[in-house]
Amino acid sequence: MAAHLRRYLLRAKVALSDASAQYRIFGIDTGDTTRVRPEAWLYERSRRVLIQPPSEPAPAGEPMSREQWRALDIAAGIPQVYTATSGLFVAQMLNLDCIDAISFSKGCYTGQEVIARAHYRGRVKRRLQRFETASSQPLAPADVGQLEDGRAFRVVDCVVRADGYSEFLAVAPLPGAAHEAEDVRTVSAAQRLSARSLPLPYELPD
């Protein structure tokens, strides 16, 4: 990541280095938003992120696994970008405009022209949506499949629940929108998936 960001420093008097060993990052689900550590950053609802030196004690409470945290992200409609999905989506496809994760007024940044054009001049044809499989079928980021109604999708993130079924976020045409033929042609019969749509906790633009 540091090597990638250095390409955009240009004339800025900024030095980038990996300080990972100097800090620990904790995800905290407080449950009660009135009782939070002031130094922890708000992440989503009652969840916060705490960054501190290794010498400080870990936060109190029952540890949560990374898989449990990801499941909460999926339920909240918060996407993650992995190596397999890097460069596949613009910000609006991941609903970053719906969760205040992108600014349209902050100035120049990589990809700004494409993102601004989609925001001001046109409707995004594909959006991040939430689903659950109708059978115990494993999925991984960047997997391509086709829903029963013919819409092609690409997986953004997925977790396997205790019942063996998968809950996942995927970018797909919105229900009722025209299907993109070039996406459907890339899906084999083995990749057609029986899945049920689940609600997101925020509204998608019309």
Taking the stretch 135-178, which residues are part of a loop (DSSP other than H, G, I, E, B), of a type in the set (G, A, S) and in contact with a Leu (Cβ under 8 Å, 6 or more places away or on another chain)? A142
Scope the stretch 144-159; condition farther than 22 Å from C98 by Cβ and either modelled with pLDDT of 95 or more or exposed (fewer than 13 other Cβ atoms within 10 Å of the Cβ) (or both); matching residues: E148, D149, G150
Can you tell me which of (1) assigned by TED's automatic domain parsing to the domain that holds R126; (2) part of a helix (DSSP H, G or I) is the one E67 doesn't meet? (1)
From the set of residues in the stretch 57-80 that are more than 22 Å from the chain's Cα centre (by Cα) and free of Cβ contacts under 8 Å to residues at least 24 places away in the same chain, which is surrounded by the most Cβ atoms within 10 Å (Cβ to Cβ)? P63
Determine if the stretch 38-56 includes at least one residue that is at positive phi and assigned to a loop (DSSP other than H, G, I, E, B). yes
Could you check the stretch 28-56 and list, in sequence order, the residues that are surrounded by 15 or more Cβ atoms within 10 Å (Cβ to Cβ) and either among the acidic types (D, E) or at pLDDT 90 or above (or both)? D29, Y43, E44, R47, R48, L50, Q52
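The values are calculated or read from the model by the stated rules, or taken from the named source; none is laboratory data. Predicted, not measured: the structure shown is a model, and the values here were computed from it. Every residue, glycine among them, receives a Cβ derived from its backbone with ideal geometry; neighbour counts consider all protein chains shown.
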